[in-house]
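All remarks here apply to the structure that follows.
The values are calculated or read from the model by the stated rules, or taken from the named source; none is laboratory data. Computed from a prediction, not measured in an experiment: that's the story for all the values here. No Cβ is skipped: glycine too gets one built from the backbone with ideal geometry, and neighbour counts run over all protein chains shown.
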Amino acid sequence: MRRRADLAALGAALAAALVLALAGCSSPAASPRRKVAVVAKSTSTEFWKAVFTGAEAAATEYNLELTITGPETEEDYETQNAMVAQAVADGAQALVFSAIDYEANAEAINAAARAGVYIVGIDSAVNSSLVRTYIGTNNYAAGCMAAQAALDGCEGTLRVGLVNYDRNSANGQAREQGARDTFAQSGRAEIVAGINTLSSAEGSCADTAAMLAMHPEIDILLAFNEPISVGAARAVKQAGKEDDIFFVAFDSNVETVDGLQTGEVDALIVQNTYAMGYLGVESAYKLLTGHGDTLEQTVDTTTRIINRENMFTMDGQKALFPFE
């Protein structure tokens, strides 16, 4: 009996030692997760919600602690700069960033990089040589694509109106320049008016309506991001010019997709928003794990033209609703 008791005690001691040994071993779950911060232009549009879905998917896959912030409007670069500084103060090790203002956001990004934070740019560039990789649309090419959609959809001489957002946003300016160059090269388009408006549906609607009233000859309209596309579509509808204006909009929104069916919108330039978020966070992970040398300096995500002919195809639906 004594021998059995000794064996039982020995077994219990070995089991306890094994438990202690296992508890002392580190595991991925027990280790602190790496911290990545996404600072976007805003958090309210469907464009950014799709970006965040991609970012969250990558964070889950790579076991990252992810925070997402952005100002209320796409003009508020000062709040965006404060959010960058706060992310650094909160211990972010990598920052995925889309600049509202190419110049005015630069010092905040440089300061974050000097503090040891890896910087990944998405969507809209910033004037900093410390950004390790940029992921987003080839915005000049997207502007060319928008103009070409109008040229392909209409015959004769075109009288064009352009609706853009903040003059200091790099992606908006590149899109407009691409459109202007493409129209000029065609030899059959005249840009009769161009405006910059607040990046909101309400502001864009009012400003577009005023432009159309001042230039009733406009028969081609281009708008270069989601909020102003929504507003411009409303202005076209309110003016009763669905049949008179060929409207090319940017990005996928419930209103512009509906407008594509009902006639206010004739083509959508749709960016791969999910990929921007996913690849942005994945790139941050690679930088944090010593694989930054595998990253390309620029990653061009796909852009597509969606119109009434292809909007209900499988590929068209995936482009319009990437977050689903």
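If you take just the strands (runs of 3 or more DSSP E) that sit entirely in the range 144-226, which of them hold at least 1 residues that are surrounded by fewer than 22 Cβ atoms within 10 Å (Cβ to Cβ) and of a type outside the set (S, T, N, Q)? Can you show your working first?
Values: elements: 158-164, 189-196, 220-223.
Here the list reads 158-164, 189-196.
Applying the criterion of being among the small types (G, A, S) and part of a loop (DSSP other than H, G, I, E, B) to the residues of the range 32-56, the residue that is farthest from the chain's Cα centre (by Cα) is S44.
Taking the listed residues V248, V299, the one that is modelled with pLDDT of 95 or more, surrounded by 22 or more Cβ atoms within 10 Å (Cβ to Cβ) and assigned to a strand (DSSP E or B) is V248, with no other qualifying.
Mind counting the residues in the range 66-108 that are at pLDDT below 95 and surrounded by fewer than 24 Cβ atoms within 10 Å (Cβ to Cβ)?
Our first condition is that a residue be at pLDDT below 95; within the range 66-108, this holds for 72-75.
Now restrict to residues that are surrounded by fewer than 24 Cβ atoms within 10 Å (Cβ to Cβ): 72-73, 75.
Residues in the range 66-108 being at pLDDT below 95 and surrounded by fewer than 24 Cβ atoms within 10 Å (Cβ to Cβ): 3 in total.
Checking T289 against (1) assigned by TED's automatic domain parsing to the domain that holds D207; (2) surrounded by fewer than 20 Cβ atoms within 10 Å (Cβ to Cβ), which single condition isn't satisfied? It is condition (1) that T289 fails. Out of the residues in the range 302-324 meeting the condition of being without any contact (Cβ under 8 Å) to a residue 40 or more places away in the chain and in a loop (DSSP other than H, G, I, E, B), tell me which one is surrounded by the most Cβ atoms within 10 Å (Cβ to Cβ). Within the range 302-324, the match that is surrounded by the most Cβ atoms within 10 Å (Cβ to Cβ) is N310.
For the range 109-127, give me each residue that is surrounded by fewer than 21 Cβ atoms within 10 Å (Cβ to Cβ) and assigned to a loop (DSSP other than H, G, I, E, B). Don't jump to the end; show me each part of the working.
If we filter the range 109-127 for residues that are surrounded by fewer than 21 Cβ atoms within 10 Å (Cβ to Cβ), which is where we start, we get 110-111, 113-116, 127.
A115, G116, N127 - these are the residues of the range 109-127 that are surrounded by fewer than 21 Cβ atoms within 10 Å (Cβ to Cβ) and assigned to a loop (DSSP other than H, G, I, E, B).
Screening the candidates D181, D152 for the property of being without any contact (Cβ under 8 Å) to a residue 12 or more places away in the chain and in the same structural domain as A210 (by TED's automatic domain parsing) yields one hit, D152.
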